[in-house]
Amino acid sequence: MAGCAGHPNKPAPAPAVAVNTESTPSADLLICPKRADAFPLDQTATIPPSVRSVMIALASAYGAAVDQLDRLIEWHDPGACSAPAK
């Protein structure tokens, strides 16, 4: 057929993966994570920029991972992890 000429063969779509949503994860996976204490505000330090940037990257990654874990636990059990007190 002339209408089919020139169309590259498309790869088959990936097979669907079925996940049983009826199962409950083990209790240790549903414990809300504790957030680490921040640096003290009444202290000062001189930190070289190269070290400071790594500390910021580590803290940002930690915060993102804890937030992701909170969202996953909240998705499974709404209201399990209440907002931290400010």
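Data overview
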quantity	calculated
Within the accessible area of region 16-70 (1.4 Å probe), percent carbon and sulfur	64 percent
Estimated D of region 28-79 in µm² per second, where Rh is the Kirkwood radius over Cα pairs and Stokes-Einstein applies at 25 °C, 0.890 mPa s	186 µm²/s
Under 14 Å, Cβ to Cβ, from L29 - net charge with Lys/Arg +1 and Asp/Glu -1	-3
Difference of contour (0.36 nm per residue) and Cα-Cα distance, A18 to S50	7.0 nm
DSSP-loop trypsin sites (Lys or Arg not before Pro) across region 8-70, with at most 16 other Cβ within 10 angstrom	K34, R35
Under 14 Å, Cβ to Cβ, from G79 - net charge with Lys/Arg +1 and Asp/Glu -1	-2
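The values are calculated or read from the model by the stated rules, or taken from the named source; none is laboratory data. These numbers come from a predicted model, not from an experiment. Every residue, glycine as well, gets a Cβ built from its backbone with ideal geometry; the counts of neighbours run over all protein chains shown. For the accessible areas, the whole protein counts, side chains as well, though only heavy atoms, and no ligand, DNA or RNA atoms are used. Shrake-Rupley method; radii C 1.70, N 1.55, O 1.52, S 1.80 Å.
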